[in-house]
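Notes to accompany the following structure.
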Amino acid sequence: MIAMRYAEMLLCTTLAAMPAMATDRPDIELRLVVPCAAGDAGLTLQGSGENLCLSHDLILGTSDIIKAGLVDRSEFGNAVRIFFGSDAQARFLAVTTANVGQRIAIVVDGTLVTAPVVRDPINSDRLEISGLTDEAALTLVTKLNTPKK
């Protein structure tokens, strides 16, 4: 299981590539993983086939993102670092403090790309998504830094 670390959330995925994205800035959502209600199939975690149900409450979203950049993580491959504002940081700290041991899902354009376990409260203004191909990482950074049309 992937772990979230204090001061920086490192999200390791087994993705060979990100899903195709529209030309606009992609939608990014961070939501808690919750037990599935009767009849709720949830989303399928890319790469594993695991079905997970997500809270309706948004922790962080596209509007919270200030900028994104490429990071060289040789032990994990390519990574995208996403920065968010102080309001989002405070929400993220509150949610991770209250949910140590629980999973947080990261959804990009409707595709569940990873759902790591919160190991410690996270008081940071950034997160990283790693395990992407060079092309997928560059595409995601470019699109995240493009204003929404």
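The values are calculated or read from the model by the stated rules, or taken from the named source; none is laboratory data. Remember, predicted model here, so these are calculated numbers, not experimental data. With ideal geometry, Cβ positions are generated from the backbone for all residues, glycine too; neighbour counts draw on all protein chains shown.
Before moving on, here are some points about what is shown:
- Subset of the range 78-112 that is buried (at least 17 other Cβ atoms within 10 Å of the Cβ) and among the small types (Gly, Ala, Ser) - its residue that is farthest from Ala137 (Cα to Cα): Ala88
- Annotation note: of Leu127, Leu112, Leu93, the sole residue that is within 25 Å of Leu52 (Cα to Cα), in contact with a Phe, Trp or Tyr (Cβ under 9 Å, 6 or more places away or on another chain) and among the aliphatic types (A, V, I, L, M) is Leu127.
- Counted residues, the range 67-91 - those being more than 15 Å from Ile129 (Cβ to Cβ) and either of a type outside the set (Asp, Glu) or touching a residue at least 24 places away in the same chain (Cβ under 8 Å) (or both): 7
- Filtering the range 106-143 to residues that are of a type in the set (A, V, I, L, M) and modelled with pLDDT under 85 leaves Val108, Val113, Ile129, Leu132, Ala136, Ala137, Leu140.
- Restricting the range 34-81 to residues that are in a loop (DSSP other than H, G, I, E, B) and of a type in the set (S, T, N, Q), the residue that is farthest from Arg126 (Cα to Cα): Ser48
- Criterion applied to Leu93, Leu127, Leu70 was being within 12 Å of the chain's Cα centre (by Cα) and either within 20 Å of Asp27 (Cα to Cα) or hydrophobic (A, V, I, L, M, F, W, C) (or both), and the one residue passing it is Leu127.
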